[in-house]
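The values are calculated or read from the model by the stated rules, or taken from the named source; none is laboratory data. Note that this is a predicted model, so its numbers are computed, not measured. Neighbour counts are summed over all protein chains in view; Cβ atoms, including those assigned to glycine, are modelled from backbone coordinates with ideal geometry. Keep in mind that these areas ignore ligands, DNA and RNA; they rest on the heavy atoms of the full protein, side chains included. Shrake-Rupley method; radii C 1.70, N 1.55, O 1.52, S 1.80 Å.
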Amino acid sequence: MESVRIAFASTDRATVNQHFGAAEAFAIFEVGAQASQLVEVCEFIDTAQDGNENKLPGKIATLAGCGAVYCLAVGASAVKQLLAAGVQPVRVEEGACIEALIADIQAELASGATGWLAKALKSRAPADSARFDEMEAEGWQE
């Protein structure tokens with residue numbers, strides 16, 4: 001079953017209610033077309049929106065393996081760093097229901113993922129060990 005890890009900036013694990021840089025917690029779900037499960041909750045101590053970007057690398061590292069992070073807002077520098085780490089930032093309105101967002105992701109998984117979701121699934125797929133066999137058969141050498 002294809003699935004993807006998705007993080008939600010949330011203090012209550014039910015709604016998206018935090019900005020990325022000032023997030024007090026991320027609720028991380030494993031989401032597949034038929035089921036989803038809360039797999040981890042990451043909480044942070046120093047969360048004030050103070051413009052200090054030194055806390056961003058730690059938050060981004062926490063999201064390793066996630067295809068996306070849903071939040072209320074995210075600064076330009078954080079967007080750049082998230083994308084470099086392979087995590088798609090997704091902005092939603094305050095109070096967006098995590099359950100409804102997961103249902104939307106599940107519907108897209110069931111009908112055929114596109115955009116960032118397809119990219120996230122591809123990055124989780126094991127490498128095709130036969131991808132260079134054709135070149136080798138043609139006599140290609142490094």
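Taking 25 Å as the straight-line reach from the Cα of Lys55, the lysines in range (excluding those fewer than 8 positions away in the same chain) are Lys80.
Heavy-atom accessible surface of Val79, to the nearest 10 Å², is about 40 Å², with a 1.4 Å probe and all protein chains retained. Working note: Debye formula, equal point scatterers on the alpha-carbon atoms of the stretch 1-111, no solvent; log10 I(q)/I(0) at q = 0.19, 0.21, 0.24 Å⁻¹ is -0.91, -1.11, -1.43.
Shape analysis of the stretch 55-101 places it in the prolate category; the axes a ≥ b ≥ c from the Cα gyration tensor give an a/c of at least 1.5, with a/b above b/c.
Heavy atoms only, probe 1.4 Å: what % of the accessible area of the stretch 1-41 goes to carbon and sulfur, would you let me know?
On the stretch 1-41, the fraction of accessible area on carbon and sulfur atoms equals 41 percent.
Extension gain, Ala35-Leu83: 0.36 nm per intervening residue step, less the Cα-Cα distance, totals 14.7 nm.
Among 4-11, 59-66, 108-115, the peptide with the highest mean count of other Cβ atoms within 10 Å heads the list, and the full ranking is 4-11, 59-66, 108-115.
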